[in-house]
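Comments concern the structure below.
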Amino acid sequence: MARSVAAIFAHPDDEVLACGASLAKHADAGDKVHILILATGLASRGEVEKEAVEALRRQAWAAADILGAAGITFGDFPDNRMDTVPLLSVVQHVERFLAEVRPLLVYTHHGGDLNVDHRIVQQAVVTAFRPIPGTPPHEIRACEVNSSTEWSVGSLASFEPNLFEPVDTTLERKVDALACYEGELRDWPHPRSLDGVRALARWRGAQCGRDSAEAFALVRKVVE
């Protein structure tokens with residue numbers, strides 16, 4: 001049975017790094033994949049022209065097309081400064097998106113991620129999708145984002161996956177989608193390189209007895 005699936009992330013390319021191969025599997029299975037990107041993804045690098053933001057969004061659309069997503073929506077929250085806006089504003093933005101797409105499965109950031117925007121988005125998603133009366137059955141999966149989640153230290157909770165999705169058939173779609181983000185890629189051995197993405201998928205696959213996988217931490221699952 002086809003489902004509505006939501007991928008809610010802070011920056012363009014997070015959605016591919018975090019769960020791109022799984023999103024492609026959903027699309028192949030007939031699920032409707034809806035992507036929400038909340039921050040601009042560029043402003044932390046100084047003054048950014050409107051054309052640069054539009055170019056990055058075109059890259060996001062190209063990546064979404066490769067993954068088979070039904071659509072992608074963009075917010076305009078400040079890059080790497082989402083802690084400077086009221087959390088309620090982010091929650092309400094997420095609530096409007098959830099009301100529109102009505103997902104049964106949501107992918108988002110891990111709450112202990114090093115990046116402050118990632119932590120804010122995860123908090124907003126969990127708040128917006130709190131299981132009050134009338135909330136439909138749903139599942140929330142926290143993801144890892146290369147060159148961010150694994151660098152968490154100190155009081156931040158570490159990413160401890162307990163759910164693995166084999167992605168042997170869609171890993172290269174993820175790699176092709178990530179290649180759309182030319183300005184975000186790095187050379188090996190950086191974790192946000194194409195080979196770094198493949199290496200992490202192979203390691204997560206080895207952890208669950210598969211050739212390759214994406215790993216998640218189950219945040220909540222509400223069943224009938």
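Do you know which of the residues in segment 136-148 that are within 15 Å of the chain's Cα centre (by Cα) and closer than 18 Å to SER22 by Cα is surrounded by the fewest Cβ atoms within 10 Å (Cβ to Cβ)? Only one residue fits best here, namely GLU139. I'd like to know if segment 127-134 contains one or more residues that are small (Gly, Ala, Ser), over 15 Å from the mean Cα position of the chain (by Cα), under 22 Å from GLY20 (Cα atoms) and surrounded by fewer than 16 Cβ atoms within 10 Å (Cβ to Cβ). No, there is no match, as no residue in segment 127-134 is small (Gly, Ala, Ser), over 15 Å from the mean Cα position of the chain (by Cα), under 22 Å from GLY20 (Cα atoms) and surrounded by fewer than 16 Cβ atoms within 10 Å (Cβ to Cβ). Each residue in segment 55-102 was checked for being under 19 Å from ASP31 (Cβ atoms), among the aliphatic types (A, V, I, L, M) and outside any helix (DSSP H, G or I), and 3 of them qualify. Filtered by the rule that a residue be touching a Gly at 6+ places or on another chain (Cβ under 7 Å), acidic (Asp, Glu) and under 25 Å from GLN122 (Cα atoms), segment 171-218 gives no residues.
Taken over segment 82-121, residues that are among the hydrophobic types (A, V, I, L, M, F, W, C), buried (at least 20 other Cβ atoms within 10 Å of the Cβ) and without any contact (Cβ under 8 Å) to a residue 60 or more places away in the chain amount to 1. Scanning segment 167-187 for residues that are without any contact (Cβ under 8 Å) to a residue 60 or more places away in the chain, more than 17 Å from the chain's Cα centre (by Cα) and surrounded by 13 or more Cβ atoms within 10 Å (Cβ to Cβ) gives ASP168, GLU172, ARG186.
Residue by residue, here is whether (1) touching a strand residue (DSSP E or B) at 6+ places or on another chain (Cβ under 8 Å); (2) surrounded by fewer than 14 Cβ atoms within 10 Å (Cβ to Cβ); (3) small (Gly, Ala, Ser) holds:
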position: PHE159; (1), (2), (3): yes, no, no
position: ASN162; (1), (2), (3): yes, yes, no
position: GLU165; (1), (2), (3): yes, no, no
position: ALA201; (1), (2), (3): yes, no, yes
position: ALA213; (1), (2), (3): yes, no, yes
position: ARG220; (1), (2), (3): yes, no, no
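The numbers here are math on the coordinates, done by the rules we state, and not lab data. These figures come from a predicted structure and were not determined experimentally. As a convention, Cβ positions derive from the backbone with ideal geometry for all residues, glycine included, and neighbour counts pool all protein chains shown.
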